[in-house]
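Asker: Shown below is the structure under consideration.
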Amino acid sequence: VFKSPSCGCCGAWVEHMRSAGFTVTVNDVDDTTAARKRLGMPDRFGSCHTATVGGYVLEGHVPAADVKRLLATKPKAIGLAVPSMVPGSPGMEMGGRKDPYQVLLVDQSGRESAYANYQ
């Protein structure tokens, strides 16, 4: 995971992934843009952290269950993204507030499609 050293929600997402059984290595960086670009995730999907798993890129607060499904189905894709920082997504818990959001599957040409919907 590439994240800012001062980002609390990124740390909470790391803990979400660890509690789901993932081994996580954290790389604190001043700006995640370089990692996102190097890994091939288009900037328009940017969030506060970028991660890799099983040859895929994860951008933002992607739920662990969707990552597990991605690894099980192995679609041809760059990876998954939750652009922005959506209240209620893993690591962005805000009491009872849960805004609706989509997890996007980003294909190898940079086009997105809905992978999961959270209401």
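Asker: Where the eigenvalues come from the Cα gyration tensor of the chain, what are the semi-axes √(5λ) of the equivalent ellipsoid, largest first, in whole Å?
Answerer: Working through the eigenvalues yields semi-axes of 19, 17, 14 Å.
Asker: What lysines could a cross-link reach from Lys98, if we take a straight Cα to Cα line under 25 Å and drop same-chain neighbours fewer than 8 places away?
Answerer: Partners within reach: Lys3, Lys68.
Asker: With springs only between Cα atoms under 10 Å apart, run a GNM on the chain and tell me which of Thr25, Thr33, Thr52 wobbles the most.
Answerer: Highest fluctuation among the options: Thr25.
Asker: Kindly report, to the nearest 10 Å², the accessible surface of Asp43 as traced by a 1.4 Å probe over protein heavy atoms only.
Answerer: Asp43 has an accessible surface of roughly 80 Å² with all protein chains in place.
Asker: Still on this structure, please answer the following. To the nearest 10 square angstrom, what accessible area does Lys37 show with a 1.4 Å probe?
Answerer: Accessible surface of Lys37 is approximately 150 Å².
Asker: Same structure again: Can you work out ³J(HN,Hα) from phi for every residue in the range 41-48, in order, using Karplus 6.51 cos²θ - 1.76 cosθ + 1.60 and θ = phi - 60°, giving whole Hz and x for Gly and Pro?
Answerer: 8, x, 4, 5, 9, x, 9, 8
Asker: Here's a follow-up. Can you give the helix-only mean residue ellipticity at 222 nm for the chain, where every DSSP H stretch with n ≥ 4 adds -39500 (n - 2.57) and the sum goes over all residues, rounded to the nearest 500 deg cm²/dmol?
Answerer: My calculation for the chain gives -7000 deg cm²/dmol from helical runs alone.
Asker: Which distance in nm do the two modelled labels at Asn27 and Ser84 give, with both placed 7 Å along the Cα-to-Cβ direction?
Answerer: About 2.8 nm separates the two model spin labels.
Asker: Output ³J(HN,Hα) for the range 50-58: one whole-Hz value per residue in order, computed from phi by the Karplus curve 6.51 cos²θ - 1.76 cosθ + 1.60 with θ = phi - 60°, and x for Gly and Pro.
Answerer: Per residue, the Karplus-derived 3J(HN,Hα) values read 10, 9, 10, 7, x, x, 10, 9, 10 Hz.
Asker: Pick out which of His49, His61, His16 has the largest mean-square fluctuation in a Gaussian network model of the chain, springs linking Cα atoms closer than 10 Å.
Answerer: His16
The values are calculated or read from the model by the stated rules, or taken from the named source; none is laboratory data. Because the structure is predicted, anything quoted here is derived from the model rather than measured. So basically every Cβ, Gly included, is an ideal-geometry build from the backbone, and we count neighbours across all protein chains shown. Calculation scope for accessible area: heavy atoms of the full protein, side chains included, ligands and nucleic acids excluded. Shrake-Rupley method; radii C 1.70, N 1.55, O 1.52, S 1.80 Å.
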